[in-house]
Amino acid sequence: MLDTADSGCPECCSALIAHERSRLNTDIAVLSEIHLHEEGSLKEHGAGYTHYLSGKPKTESHLSGVGFMIKNSITSKLEYLLTGHSDHIISLCLPLQNKQHVLFSVYVPTLQADHAEKDKFYTDLYHLTQKVPADDKIIILGDFDARIRKKSEAWKGVLGKHGVRNCDNGHLLIKFCAEKQLTMTNTTFHQKDSLKTTWMHPRSNHWHLIDYVLMHQRNVCDVCHT
């Protein structure tokens, strides 16, 4: 995730992220909380990536923003398949193996946001995913700002057995996943917590899982066999 909250120069931060992605040889990455205005693109020639962005108008506060970072060698095939829906949601359609994969990069309003704003985000995301044909695969990635309690038995299919800590402020996320039959894949596969957590609580200094990869329950097995 690209997080420029503490940077006075989001463009400089994006360049650093692009160079890191180049080192890891990543084709596509999702960007969240990028603090850049409006829709558009930003090409990093040295690192070999282009950032596709969806943010608020220049006249408004721009503490949100989402996007994708795509390797320049494949951007010509994908740039017309990107759609910015808001400063919290952008989508990318990937035609792979005779089936379309629809990727959503999201940034959920924070805990300090008005409850109506968070409700609107999930309503918008629900309607956007409803438009995706049933045979297509949906993958939703991003910063959900939600800590989910380890209740895999209560939420079978939604939660796996490998969550992190017993905190719960993610009822809207749980409800959305249950309605759309999505799995939080971060909790499904066994790996070290240090590889799953992305945010440290400023008072307790405990690391938490707040960034998720959501996938339809019927497609999780595809990940297991790749």
Problem set entry | Scan of segment 66-94 for residues that are basic (Lys, Arg) and either touching a helix residue (DSSP H, G or I) at 6+ places or on another chain (Cβ under 9 Å) or part of a loop (DSSP other than H, G, I, E, B) (or both), ordered by number | Lys71
Problem set entry | Scope segment 26-45; condition over 12 Å from Lys56 (Cβ atoms), outside any strand (DSSP E or B) and among the β-branched types (Val, Ile, Thr); matching residues | Thr26
Exercise. Of Val164, Val220, which residue is modelled with pLDDT under 90, in a loop (DSSP other than H, G, I, E, B) and of a type in the set (Val, Ile, Thr)?
Worked result: Val164
Problem set entry | Single residue of Ser73, Ser86, Ser91 found to be buried (at least 21 other Cβ atoms within 10 Å of the Cβ) and either on the phi < 0 side of the Ramachandran plot or modelled with pLDDT of 75 or more (or both) | Ser91
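Working carefully through the options Thr183, Thr197, Thr187, find the one that is within 18 Å of the chain's Cα centre (by Cα) and at pLDDT below 75.
Thr197
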Exercise. Any idea how many residues of segment 109-120 are assigned to a loop (DSSP other than H, G, I, E, B) and without any contact (Cβ under 8 Å) to a residue 12 or more places away in the chain?
Worked result: 3
For this session: From Gly55, Gly67, grab the single residue that is surrounded by 18 or more Cβ atoms within 10 Å (Cβ to Cβ) and more than 22 Å from Arg23 (Cα to Cα).
Result: Gly55
For this session: Just give me the residues in segment 79-108 being of a type in the set (A, V, I, L, M), touching a residue at least 24 places away in the same chain (Cβ under 8 Å) and more than 22 Å from Asp211 (Cβ to Cβ), in sequence order.
Result: none
For this session: Might you check whether a residue that is closer than 21 Å to Lys118 by Cα, at pLDDT 75 or above and loosely packed, with under 14 Cβ neighbours inside 10 Å occurs anywhere in segment 37-49?
Result: no
Exercise. If a residue has to be touching a Leu at 6+ places or on another chain (Cβ under 8 Å) and either surrounded by fewer than 18 Cβ atoms within 10 Å (Cβ to Cβ) or in a helix (DSSP H, G or I) (or both) to count, how many in segment 121-139 make the cut?
Worked result: 1
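The values are calculated or read from the model by the stated rules, or taken from the named source; none is laboratory data. Worth saying up front: this structure is predicted, and the values here are computed from it rather than measured. Note: ideal-geometry Cβ built from the backbone for every residue, glycine included; neighbour counts use all protein chains shown.
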